[in-house]
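**Student:** Pasting in a structure now, in structure tokens, and then I'll have a few things to ask.
Every read-out reported here was derived from the displayed coordinates using simple, explicitly stated rules and does not represent laboratory data. The structure displayed is predicted, hence computed values, not measured ones. Counting neighbours? That spans all protein chains shown, and the Cβs are built from the backbone with ideal geometry, glycine included.
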Amino acid sequence: MSNSEPKEETVTEPPEEEVKEAPAEAEAEEVQAEEVAEPEAEEAAETPAAAAAEEAAEGEEEIEVVEEKVYTIPLRHVYAVTPRGRRAPRAVRDVRNYVARHMKSEEVSVSNEINSAIWSRSINKPPRKITVRAVKDKEGKVIIYPAKGT
């Protein structure tokens, strides 16, 4: 057995050295390829992001605004009339009902920003008041966004 061990070591050492050299050369080639590919990838990444931002801005502009108002909605009564584990959903419903009543519309959508603002402190502690911007289109649909100043 002692005779076979040195033979195995001599056989395994040259391939290890070859393997070590081959990845170093391959890595150098990969680095050069990445340097060439990175600017293209960055340009491609910026283009969809810029397009998405423009579409979002256009999406808001595409709505033909008939009426736009800013409301500060008090939510303190939510704390008094609702159990602790149901306050945030009640606050969202109350915001929707408040805007529907004041804008005289039955179709009211709450944006993700308003929803996340109400839920920001979890289900138990929604804000005591919230300032919103309600936008009504020509079809009578109202969308609620955060007020620009906040």
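**Student:** Stretch residue 147-residue 79 to full length: gain in nm at 0.36 nm per residue minus the Cα-Cα span?
**Tutor:** 22.2 nm
**Student:** Let me ask you something else. Each label point is 7 Å from the Cα along the Cα-to-Cβ direction; what then is the distance between the points at residue 63 and residue 137, in nm?
**Tutor:** 0.8 nm
**Student:** Which one of 144, 105, 75 is farthest out on the positive end of the charge dipole of region 58-147, using unit charges on Cβ (Lys, Arg +1; Asp, Glu -1) and the Cα centre as origin?
**Tutor:** 75
**Student:** Between residue 111 and residue 97, what is the label-to-label distance in nm when each label sits 7 Å out along the Cα-to-Cβ direction?
**Tutor:** About 2.4 nm, to one decimal.
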